[in-house]
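So the structure is just underneath, and the comments pick up after that.
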Amino acid sequence: MKIIFFILLGIIYLLLANAIDIIIVQQLFFIIGVVLVGIGSVRYLKARSSALQRLADMREASEAEITAIPHTQCTISNDFLNALLLNEHTNRLILAQREALDEALKITEIPFKKIYEVAIVEDEATIRKAKNYLISSSLLGESEEADEEETVSQLSLKLVVDHLADPIVEYIFMENSDHPIARDEEDYVEALELCEQWFQKISVIIKRHELERVPIQRWQ
C-alpha cells in the first residue's frame with residue numbers, strides 16, 4: 001500500500017510541476033516527484049525480489065519433500081504442487097498433491113494390484129485406454145478418436161482403482177483452460193510424451209497383475 005502511495009504522490013507532484021509556471025516551484029515539485037517515484041519503485045523492486053525468493057524457497061522445499069518419499073521413478077509438475085511416483089520395491093503407485101505451496105502435501109498410495117484401468121484423457125475425451133480384461137465393465141468409457149481441434153486445454157491420466165470412496169484418480173500433466181495450447185507447441189508435445197510414458201508404465205503394471213485375478217466363473 002505504501003508503494004502505491006509513494007508512486008501516486010510522486011506522479012501528482014510531477015503533474016503539478018508541469019502545470020506551474022514559477023520555475024523555482026516547478027523545479028522543487030519536479031525533484032520531489034522524482035524522489036517519491038524513485039522511493040516507490042525501489043520499494044516495489046525489493047518487495048518483488050523478496051516475493052520471488054520466497055516462492056523459489058517454497059518450491060525448493062516442496063520438491064525436497066516430494067523427492068524424500070521413497071520411490072524408484074518420479075515425475076513432478078512444473079509448479080511443484082503435484083507428483084506421480086512409483087515404488088517398485090513396495091509395489092505402490094503414489095500421488096503427491098497440494099493445492100498451494102503453503103499447504104500440507106496429501107499423499108495417496110495405491111497398491112499395483114488395485115489398479116484396474118488407465119487412460120490418456122484430452123479435454124474429457126478418452127484417447128487411449130488399457131484395462132484388466134478379466135474385468136468386463138469400464139468406468140472410463142470407450143476410447144475415442146483424437147479430437148480434430150488444434151488446441152488442447154487439459155491433458156491427464158485417469159486411473160480406476162480399487163477404492164470405493166474414490167475409484168477414479170486423476171493426474172494432470174498439462175492444464176491451461178484460459179489459453180489452450182496448440183498441438184504443435186513444445187509444451188504440449190513434451191507433456192504428451194511424458195503422459196504416454198507413464199501410461200505405458202501403468203499399462204505394464206496392470207498386465208503384470210492381470211493373471212493374479214482369476215474370475216469366479218472359472219471355478220464354477
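Summary table below
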quantity	calculated
Residue within the range 126-149 that is modelled with pLDDT of 90 or more and open to solvent by less than 70 Å² (accessible area, probe 1.4 Å) present	no
Residue in the range 182-195 that is over 15 Å from Asp123 (Cα atoms), in contact (Cβ under 8 Å) with a residue 40 or more places away in the chain and open to solvent by less than 20 Å² (accessible area, probe 1.4 Å) present	no
Residue among Ala83, Ala104 that is under 29 Å from Gln197 (Cβ atoms) and in contact with a helix residue (DSSP H, G or I) (Cβ under 8 Å, 6 or more places away or on another chain)	Ala83
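The values are calculated or read from the model by the stated rules, or taken from the named source; none is laboratory data. Given the structure is predicted, the values throughout are model-derived calculations rather than measurements. Backbone-built Cβ (ideal geometry, glycine too); neighbour counts: all protein chains shown. SASA here: full protein model, heavy atoms, side chains in, ligands and nucleic acids out. Shrake-Rupley method; radii C 1.70, N 1.55, O 1.52, S 1.80 Å.
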